[in-house]
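Step one of this worksheet: look at the structure below.
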Amino acid sequence: METPSIEVDKTLRSKKFVGLLIVALLVTYALPFPLMSGFMESYGRVKEILRLMEKENDAINCHAVFNFNPDFFGEHGMKCDETYYRPNETTVSCCGMQVYRDTYWKYLRASSEMREKLPLMGIFAVWVFLTQLAFSYALVDAAVELARGRKKRVLESIKAGLKSLPALVAAELLTFVFVLIALILLAIPIAIFGPLGSFMAGIIATPAFALVVPAYYFTRNVGVVEEIWRVARANPGGYFTLGLGLSIVDVFLILQYEYYMGALTLLILLSLGAVRYVINSLGALWVYAETAPEEEEEIAGEL
């Protein structure tokens, strides 16, 4: 299937595309939000307690060192945080830290509540994975039909996405295997960069998964790894820019789990989800469409 020229601005102004995007957000995030809200609240509470435990650990260790020789350390300007220090309270060891016993019990209760709600979060994760695939395909279909000047109803694009879902899942799983192998081979170079290495791994991996939908849409082939490699090789700028955009959005999405704010969390989730949907569908489609076919690459190389 020939790839058309995609006009991003025109597509984003299309009522059909925007309407389909709104439906995708409501189905993907708003509808199952009650399943995840309890877990997010518990997870946010656990992270909050862990941050408190880190502060208590710093205060306890600082005072332990200071009290060993207060005159010496006092003369050299050493000071310890008094806010999180309770000298007469019992301390326990947890998670490699020294914390106060009441904080430790709060952590245990919050962790237990979070584990109880974990199955619902698992259901939500699977739901998001499947709906994102189906609606990303629907958004790609809508963008392509718009570029070709054809009229197609939103419901027809959604049906096309649902019909292609089994093949898309298979394509994603095959791509996951190859991406995993690539990351294993790059494990040592990535590890050198420490925390930044995880972000770099995301930049390498996320475009591959995003390109599955447009690659399958145009080839109708579940084995899209070769197509994705062609895009990465011929259009590295577009590939890694796509990965950078997705990785940045994913960082903010992850932060939503640590700072639960009730209904405000849902609004932020919908906003970030909209950006991710656009990048994951329209952005990936544009990168794929702008990559020259192999025949053109060969001709350009000969010239």
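The values are calculated or read from the model by the stated rules, or taken from the named source; none is laboratory data. Quick caveat: nothing in here was measured; it's all calculated off a predicted structure. Neighbour counts are summed over all protein chains in view; Cβ atoms, including those assigned to glycine, are modelled from backbone coordinates with ideal geometry. SASA here: full protein model, heavy atoms, side chains in, ligands and nucleic acids out. Shrake-Rupley method; radii C 1.70, N 1.55, O 1.52, S 1.80 Å.
Remarks
- Residues within the range 241-264 that are open to solvent by less than 30 Å² (accessible area, probe 1.4 Å) and within 16 Å of the chain's Cα centre (by Cα), tallied: 8
- Test for GLY122: is it within 27 Å of ASP58 (Cβ to Cβ), assigned to a helix (DSSP H, G or I), open to solvent by less than 50 Å² (accessible area, probe 1.4 Å) and at pLDDT below 90: no
- Candidate set: the range 201-240, residues that are closer than 18 Å to ARG276 by Cβ and among the hydroxyl-bearing types (Ser, Thr, Tyr); chosen: the one surrounded by the most Cβ atoms within 10 Å (Cβ to Cβ): TYR239
- Selection status of LEU108, modelled with pLDDT of 90 or more and assigned to a helix (DSSP H, G or I): yes
- Hey, TYR100 under 19 Å from the mean Cα position of the chain (by Cα) and open to solvent by less than 20 Å² (accessible area, probe 1.4 Å) or not: no
- Restricting attention to the range 175-186, the residues being surrounded by 11 or more Cβ atoms within 10 Å (Cβ to Cβ) and over 16 Å from VAL224 (Cα atoms) number 2.
- Being in a helix (DSSP H, G or I) and within 20 Å of GLY283 (Cβ to Cβ) is a description that applies to TYR137.
- Within the range 147-162, residues that are surrounded by 16 or more Cβ atoms within 10 Å (Cβ to Cβ) have Cβ atoms under 7 Å from residues that are of a type in the set (S, T, N, Q) in these pairs: ALA147/SER5, counting only partners at least 6 apart in sequence or on another chain.
- The set of residues from the range 35-57 being over 17 Å from ARG101 (Cα atoms) and crowded, with 20+ Cβ neighbours inside 10 Å comprises MET36, PHE39, MET40, SER42, TYR43.
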